[in-house]
Amino acid sequence: MTSRVATCTCGSLVARTEGEPLRVSVCHCLDCQRRSGSVFAAQARFPEENVRIEGATHEYVRKGSDGSATFSFCPHCGCTVFYRRAAEPGCIAIPIGAFADPGFPPPAIAVYHVRQHPWLTLADTIEQYE
């Protein structure tokens, strides 16, 4: 079984995963652009029972057009290491960058395609949804 480790910048907050992600995706919504500081956010979702969290967190609840999400971030360096969406109980999403693994599986899905920056090109294999 594949084991992976995601951490914040300072290493105080860690998410250890077992098994492959349920879904790897990118989101172009404006909230994810703001949260990630990039033109899209990339995340992997895992069953909650396959994720072990170590370290203290602070939380921020964001209410969006598709429900609320609770973002858990390091109280020391401020990096988001995981989040939970109310619409997906039993699932934990982890920003792919927190794994710092260039060999991480690529995204299969892109959402909020209408907000994608026009200069950005994604692989043709990625399904795109409005």
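Summary table below
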item: Per-residue Cβ neighbour rank within 10 angstrom, fewest leading, V14, V51; result: V14, V51
item: Charge dipole (debye, nearest 20) of the chain; +1 at Cβ of Lys and Arg, -1 at Cβ of Asp and Glu; result: 340 debye
item: Shape metrics for region 3-128, restricted to C-alpha atoms - Rg then Dmax, Å; result: 14.0, 39
item: DSSP-defined antiparallel bridges as percent of all bridges, the chain, nearest 5; result: 85 percent
item: Under 14 Å, Cβ to Cβ, from H28 - net charge with Lys/Arg +1 and Asp/Glu -1; result: -1
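Laboratory data are not the source of any read-out in this text; all were calculated from the coordinates shown. Being a predicted model, the structure only gives us computed values, none of them experimental. Note that each Cβ is placed from the backbone with ideal geometry, even for glycine, and that neighbours are counted across all protein chains shown.
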